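Throughout, read-outs are computed from the coordinates displayed, never taken from laboratory work. Worth saying up front: this structure is predicted, and the values here are computed from it rather than measured. Backbone-built Cβ (ideal geometry, glycine too); neighbour counts: all protein chains shown.
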Amino acid sequence: MDPTPATPGMLDACFLGPYAENDGLLEKLVVEFLRDHVYWRRNFHPEDPPAIPTDAAFDPGYRAFEARMRRELHQLSAALKKSVPFHSPRYIGHMASDLLLPGLAAQILTLPYNPNNVSEDAAPVTVDLEVEVGLQLARMVGYPHDPDRDPCAFGHLTSGGTLANYQALRLALALKAFPIALRAAGVPDLDLPDDDWTAFNLGPSAATALVVRWKDWLAAQPAGAHRAWKAKVEAERIERRGLVDFFAAHPDLRVPWVLAPITAHYSWSKGMKLLGLGRAQLRLMPERDMRLDPAALQETLEACLRLRQPVLAAVGVFGTTEYGTVDPIDALVAARDAWLPRGLGFSVHVDAAWGGYLATLFREPDGSLRPREAVAEGFARFPRPHVHAAVEALAASDSITIDPHKLGYLPYGAGAFLCRDHRAMALLAESADYVFHDHAPRGYRARYRNLGQFIPEGSKPGANVAAVYVTHKVLPLDHVHFGQLPAQTVRAAEAFHAEALAFAARVRDRVRVEVPFPPDSNLVCVAFNPVGNRDIAVANAFARRLHDELRVDPRAPLQDRSFFGSATTLRPQALGEAGMHRILDALGLDPAAEGDAEDHLVILRHTLMNPWLIDRHNGISYIALYFRHLEQRIDALRPA
C-alpha cells in the first residue's frame, strides 16, 4: 500500500515544537505505549504471582529509595535546563535541531524492552528492523535494494558517522587484501592474478566477485578439504596476520594510502590510527572553494601509479561538517573507473554523514532520480549542477556514511554505514560461539539477523533502530514525504544568504561582511572585518568576540542569549591560494606573511535545520531577527 501523500500541514505534526505545541500528542503516545508495555508484562505468564508485594510502597526502605530517586531526577531536570536549546529557531549553530516525534516516541516505546541488536537471540524484532533500515537508506541513495537479487546493498546503524567511516576502512582493506590471501594459499581454479600488485589492485567490484567465486568453490569441496582450504586462506588474510606480517610476507607491496579532501572529518585520521594503517597514509587532497580538486586527485593518482603506491580508497564528502559543501562525487567515481584498467584499483567512499538525507529531495516515490529541473522548482539556486551530479553519482560509489541523528532529526547514537554490494560483507564476518549459532543461514534477511558478526560493536541498542525505522515508515525517503524537511531548510538557507547580503550593505560603513561561497546545502558561513583594518589577526579577534555572544555559557541563564551560533575557520589549504586571496581582498585584508600564526580566517557558521526559522503562521523571520541582533552586537563591539 502506498504511503499517504504529504500535506502542507504535515510539518506541524512532526516535532514537539519550539513552544512544545505538540506536548499533548507526545504525552498521549508515551502513556499509551507505556501502558501497553505494562499489559505485555502482566500477560506474559499471568499465572505467576507479583514478585513485588502490593504493600511494598509503604515500606520505609521503599519510600526512602523513592525519595532519593525523585531528588536526583529533579536535580538532573534542573541541571538540564542549561542544555543547548536545539529545539528553538533561535539556535542556528551546530548540526542539531528538534527531534522528529515518530522517532522520539518509537525510541521511548522500545527502551523498556531493551533489545540488543547484536543478534536475533537478544533482539528478535529490532534486528530485522535494522536490516530494513539499511535497505531504506540504500533506496534513498540509489543503491540496489532488492534482497532477492544480487547485487543488493547492505546497511547497518552505528553510534555515529565516525564509526561508520571506520567500517568503510575495514571493508575496503579486507577487499583489497583478500585476493592476496587466495594467491598466498595457492587456491586453484579461481583464475587469480599472476602477481601481488595486480591482485592488490583488482578494485572492489572484481574483489567482491572473487569472494563469491571462492565461497562457491569452497562449498563444492568435500568436508575435509573444505576445512583445510578455509583454514589455509584464513591464515593468509590480513585480518589474521596483521599489517606488519602481511606486508613483510609481500615485500612488493606498500601500505596503501587513503585520499581524502582537506575538509574531511577528523574521524578519518582517527580511523587510520585505529586500524594500524597510520596517519601518514592519509593523504589530504587540495581543494578549490571548499571542494576536492579533481585535477589534484588525478596528479596524485599519476604519482601513485608511477611509484607503485597502492590506494585503498578515495573519499568524497557530501556536505562537509563545517561548510556544507559537496565534493564532486561524480569525478571520484569516474577516476576510480578510469584508473582501474591502468592497474590502480581503489574504492570510493562517500562521507555523507551530514548531507545524506538531502538525497530525499532528489528521489521520486518510486525510487527513481528526479531531474535537476524538477528538484529546482521552488528554490532560487538549489541544486547547483555539481550538487545534482554528485547525488546521481552516489549510486555508483562503493560505500556511504549517513547520520540519521543529523539531517534525519533523530536522537543521537544513530549513524549508518552502507555498502553497495552486501556480498563483500562476508569478509568482515566474525564468530562468537556464545552469541551466534554455528550455521550458515540462507537468504539475505536470515544472514544478517546475527548482525554482531559484521559490525564493529559488540552490543548496540535496538531502541535507536526502532526510532529510525518508524520515522522512515511515517516519512518515506522521497521528496513528497521526508524531502519536505530538507526542502524547508534549503529555502531557509537561501533566505539567510539573501539576508546576509542585505545586512552586508547596511553595515558596509562599519564592517565588511562576506559570504565566502554560496551554500550547497543548508549551512551558510559569514566572514567579518572592521572597516579600515588590514590585519587578519584583528579580524579574527572581532569574529571571536561576536561568537562569544552566540554560544552557550553554562554560567549564565540561557535567556541571556538572543541567538546561538557556531564558528569555524577558512584556511588556504581548503580554499586554494586563489580562493583565499579572493575572500581576503573582498574583506580588505592583507594575506598572512609566511610564518604568521594566524594564516586562517575565523568566520561564523550557521546550520539552518529548524523548520520554523521562517514562521509564516506568526509572520516572524528569525533570520531577519538574527541579523538585526548581529548589527546591534557589531555596534556595541566597535570602538567609538
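Once the piece of chain linking Asp150 and Ala338 is laid out straight, how much longer is it, given 0.36 nm per residue of separation minus the C-alpha distance between them? Write out the running numbers ahead of the final one.
Numbers: separation 188, 0.36 × 188 = 67.68 nm, distance 2.44 nm.
Stretched fully, the Asp150-Ala338 segment lengthens by 65.2 nm.
Report the Stokes-Einstein translational diffusion coefficient (µm² s⁻¹, integer) for segment 484-637, Rh taken as the Kirkwood radius over Cα pairs, at 37 °C with viscosity 0.692 mPa s. Please list the in-between numbers first.
Values: Rh = 16.3 Å.
For these conditions, the coefficient is 201 µm²/s.
By other beta-carbon atoms within 10 Å, ranking Leu358, Leu192 with the fewest at the front produces Leu192, Leu358.
So which of Lys273/Lys460; Lys176/Lys406; Lys176/Lys230; Lys232/Lys273; Lys270/Lys406 end up more than 25 Å apart, counting from Cα to Cα? Don't jump to the answer; show the numbers that get you there.
Working: Lys273/Lys460 23 Å; Lys176/Lys406 31 Å; Lys176/Lys230 18 Å; Lys232/Lys273 29 Å; Lys270/Lys406 21 Å.
The answer is Lys176/Lys406; Lys232/Lys273.
Out of segment 437-497, which chymotrypsin sites (Phe, Trp or Tyr not before Pro) are coil in DSSP terms and have no more than 14 other C-beta atoms within 10 Å? Write out the running numbers ahead of the final one.
Numbers: sites: Tyr444, Tyr448, Phe454, Tyr469, Phe482, Phe496; in loops: Tyr448, Phe454, Phe482.
Answer in residue order: no site qualifies.
What order do you get for Thr126, Thr54 when you list them from fewest to most C-beta neighbours inside 10 Å? Don't skip to the end; give the middle numbers.
Working: Thr126 24, Thr54 7.
Sorted ascending by nearby Cβ count, the order is Thr54, Thr126.
Under the criterion of Cα pairs below 8 Å and six or more residues apart, the relative contact order for the chain equals 20 percent.
For the peptides 296-307, 324-335, 595-606, the ranking by mean Cβ contacts within 10 Å, running from highest to lowest, is 324-335, 595-606, 296-307. Taken about its Cα centre, segment 484-637 carries a charge dipole of about 520 debye when Lys and Arg each add +1 at the Cβ and Asp and Glu each add -1 at the Cβ. Hydrodynamic radius of segment 261-301 by the Kirkwood approach over all distinct alpha-carbon pairs: 10.9 Å.
Per-residue packing, averaged as other Cβ atoms within 10 Å, sorts the ranges 178-190, 232-244 into the order 178-190, 232-244, beginning with the highest.
If Rh is defined by the Kirkwood formula over all Cα pairs and Rg also comes from Cα, what ratio Rg/Rh do you get for the chain? Mind showing how you got there, number by number?
Details: Rg = 26.9 Å, Rh = 26.9 Å.
The Rg/Rh ratio comes out at 1.00.
Its relative contact order, with pairs defined as Cα atoms under 8 Å and 6+ residues apart, puts segment 484-637 at 29 percent.
Taking the Cα centre of the chain as origin and charging only Cβ (+1 Lys, Arg; -1 Asp, Glu), how large is the dipole, in debye to the nearest 20?
Numbers: 67 positive and 76 negative charges, 166 e Å.
Here the chain has a charge dipole of around 800 debye.
Protection proxy ranking of 404-413, 202-211, by the mean of other Cβ atoms within 10 Å over each peptide's residues and highest first, is 404-413, 202-211.
Look at where the Cα atoms of segment 597-636 and of segment 307-323 average out, and the two centres are 32 Å apart.
So which chymotrypsin sites (Phe, Trp or Tyr not before Pro) in segment 23-88 pass both tests, a DSSP loop state and at most 10 other Cβ atoms within 10 Å of the Cβ?
Values: sites: Phe33, Tyr39, Trp40, Phe44, Phe58, Tyr62, Phe65, Phe86; in loops: Phe44, Phe86.
Answer by residue number: Phe44.
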